[in-house]
There are 2 protein chains.
Amino acid sequence: MARLEQIGFLGFDVFGTVVDWRNGVARAAAPFLQQHGVNVDPLDFADQWRGLYQPSMQRVRAGERPYVTLDVLNRESLETVLARHEVDFGSISDAELAELNKAWERLDPWPDSVAGLTRLKRRFSIGTLSNGHIAGMLNLAKFGGLPWDVIVGAEIAGTYKPMPQAYLKSAKAVGLAPHCVAMVAAHNADLTAARANGFKTVFVRRPAEHGPGQTSDLTAEQDWDGIVDSLTEAADALDC
Amino acid sequence: MARLEQIGFLGFDVFGTVVDWRNGVARAAAPFLQQHGVNVDPLDFADQWRGLYQPSMQRVRAGERPYVTLDVLNRESLETVLARHEVDFGSISDAELAELNKAWERLDPWPDSVAGLTRLKRRFSIGTLSNGHIAGMLNLAKFGGLPWDVIVGAEIAGTYKPMPQAYLKSAKAVGLAPHCVAMVAAHNADLTAARANGFKTVFVRRPAEHGPGQTSDLTAEQDWDGIVDSLTEAADALDC
């Protein structure tokens with residue numbers, strides 16, 4: 001990865017790249033769904049909830065509503081999904097919904113994440129460059145032992161990826177020019193936007209993010225500056 | 001420290017509380033002063049530079065200028081101090097001034113800081129709640145091995161302590177009510193403001209911050225929720 005020699009900061013996408021949101025959300029949702037008689041497979045429920053992720057951010061990106069943090073959007077999306085399953089909201093307390101929404105802060109890292117980040121941190125500053133909010137990223141790090149140096153991304157920028165300011169304000173916050181920052185992500189679209197804003201790029205293949213039937217982001221769609229199958233492989237490639 | 005049982009986040013003042021700015025700045029300034037024939041003791045120079053810290057922030061607090069990051073203020077203060085010593089700015093490059101300004105990102109932790117923070121981090125989320133900016137706090141952490149979970153404080157809030165929003169927006173960013181956050185500082189004034197905004201408070205005695213002749217903040221001036229002589233003592237008191 002010779003093109004990454006000048007990098008000072010590695011900014012990580014988190015949901016899907018560093019942590020396994022699908023199984024974690026399903027694990028948290030299962031008892032809730034059972035208790036309230038919602039007849040849906042917990043993994044399908046996780047997919048449906050996540051399916052509203054991009055549309056919910058799109059309204060902010062389009063300027064149709066002011067920036068709100070991801071936990072606000074996730075909570076709205078949760079209620080939307082539950083409504084589609086015709087749940088009886090009268091039987092569900094606000095505290096239960098808030099608790100279920102915390103599922104996004106209690107997701108297991110992929111098996112290589114903590115080891116890879118710990119090694120990468122020796123040579124680089126590392127941090128989240130996620131659409132997650134600061135408190136969510138902090139709680140997720142404490143839950144899974146993710147050794148971030150700093151949390152930047154959407155809340156710092158006041159907008160969501162792939163808007164340019166999400167990348168540019170994050171680079172500015174860590175005190176570096178865009179070409180001295182690498183975006184690390186399992187999603188080609190994220191890297192496309194990062195590169196368009198001058199960032200270096202590392203693609204991490206996560207073929208199980210969406211379960212066994214995944215069809216998206218199975219391969220690198222451009223000649224990213226790094227292409228790896230795990231964060232430990234990234235550490236190997238970067239001599240960490 | 002029974003009053004700290006409900007705390008989820010410890011927010012730390014950094015300059016003086018966690019790191020020794022005086023000796024670090026003097027160390028960085030010494031060769032610069034010698035090279036440019038500035039006839040001042042490096043420790044005195046550090047004191048003079050730091051002496052402009054509060055006045056420089058006061059213009060932002062008073063609304064006389066928009067929020068700018070601390071490295072901008074430090075750079076202006078550096079030039080002010082040098083001008084008082086009648087240096088020849090024509091002989092000094094911008095790069096030299098920028099490099100000297102980085103002294104604030106290369107300060108040694110007090111001997112107990114890394115060990116204390118590492119222990120406190122096991123039980124609490126820990127982060128900077130400093131007037132320093134994100135990049136400066138990040139670089140300082142990498143330099144000294146400070147194991148922060150998150151960086152909040154002035155840049156997150158867009159204003160400087162002791163303005164209420166510096167505390168309140170930092171608590172909000174980490175997702176907690178003020179009474180679930182403790183401010184840890186070597187300065188009574190910082191704790192007074194934190195308490196006024198609902199925070200819990202821990203005073204760390206740092207009698208050498210200003211050198212052997214220090215006269216301020218030698219003792220706790222209120223019944224802070226914790227009063228300790230080091231961060232390892234704080235860890236002891238909090239069963240970490």
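Between identical copies, the spacing of A:R61 label points, each set 7 Å from Cα toward the C-beta atom, reads 4.1 nm from nearest to farthest.
Length gained on full extension, A:D223 to A:R122, computed as 0.36 nm times the residue gap minus the Cα-Cα distance: 33.7 nm.
For the residues of B:129-140, the average number of beta carbons from a partner chain within 10 Å of their own beta carbon is 3.
Take the alpha-carbon positions of the protein assembly as shown, form their convex hull, and give its projected area averaged over all directions (one quarter of the hull surface) in nm². Write down the numbers at each step before the final one.
Values: hull surface 98.4 nm².
Result: a mean projected hull area of 24.6 nm².
For the stretch B:143-190, state which residues have at least 20 Å² less accessible area in the presence of all protein chains than in their chain by itself, taking the probe as 1.4 Å and leaving out ligands, DNA and RNA. Relative to the lone chain, where solvent access is computed with a 1.4 Å probe, the stretch B:143-190 loses at least 20 Å² at B:W148, B:D149, B:V150, B:I151, B:I156, B:A173, B:V174.
Probe of 1.4 angstrom, ligands and nucleic acids ignored: what's the accessible area per residue over the protein assembly as shown, in square angstrom? For the protein assembly as shown, the solvent-accessible area averages 40 Å² per residue.
In this assembly, the A-B interface accounts for approximately 1400 Å² of buried accessible surface in total, computed with a 1.4 Å probe and without ligands, DNA or RNA.
Within the stretch B:20-103, what whole-number % of the accessible surface is contributed by carbon and sulfur, with the 1.4 Å probe and all protein chains included in the calculation? Numbers along the way, then the final one.
Working: 2000 of 4160 Å².
Of all accessible area on the stretch B:20-103, carbon and sulfur atoms account for 48 percent.
Only Cα pairs within less than 10 Å get springs; with that Gaussian network setup on chain B, which residue of B:D190, B:D13, B:D41 has the largest fluctuation? Top of the fluctuation ranking is B:D41.
Residues whose amide H falls under 5 Å from that of A:T201, counting only those 5 or more places apart or on a different chain, are A:M183, A:D225, A:G226, with hydrogens built in the peptide plane. Taking the Cα centroid of the stretch B:174-214 and of the stretch A:146-190, what is the distance between the two, rounded to the nearest whole Å? Taking the Cα centre of each part, the stretch B:174-214 and the stretch A:146-190 sit 31 Å apart. With θ taken as phi - 60° and the Karplus curve 6.51 cos²θ - 1.76 cosθ + 1.60 applied, the whole-hertz 3J(HN,Hα) list for the stretch B:164-176 is x, 5, 4, 7, 5, 6, 5, 4, 4, 4, 8, x, 10 Hz, x standing for glycine and proline.
Oblate is the label for the stretch A:1-93, because a/c, from the alpha-carbon gyration tensor with a ≥ b ≥ c as root eigenvalues, is 1.5 or above and a/b does not exceed b/c. Relative to the other identical copies, A:P111 shows label-point distances of 4.5 nm, where the label point lies 7 Å from Cα along the Cβ direction and values run shortest first.
The values are calculated or read from the model by the stated rules, or taken from the named source; none is laboratory data. Please read all numbers here as calculations on a predicted model, not as lab measurements. Quick reminder, even Gly has a Cβ in these numbers, built from the backbone with ideal geometry, and neighbours come from all protein chains shown. When the accessible area is computed, the model is the full protein with side chains, heavy atoms only, and any ligands, DNA or RNA have been set aside. Shrake-Rupley method; radii C 1.70, N 1.55, O 1.52, S 1.80 Å.
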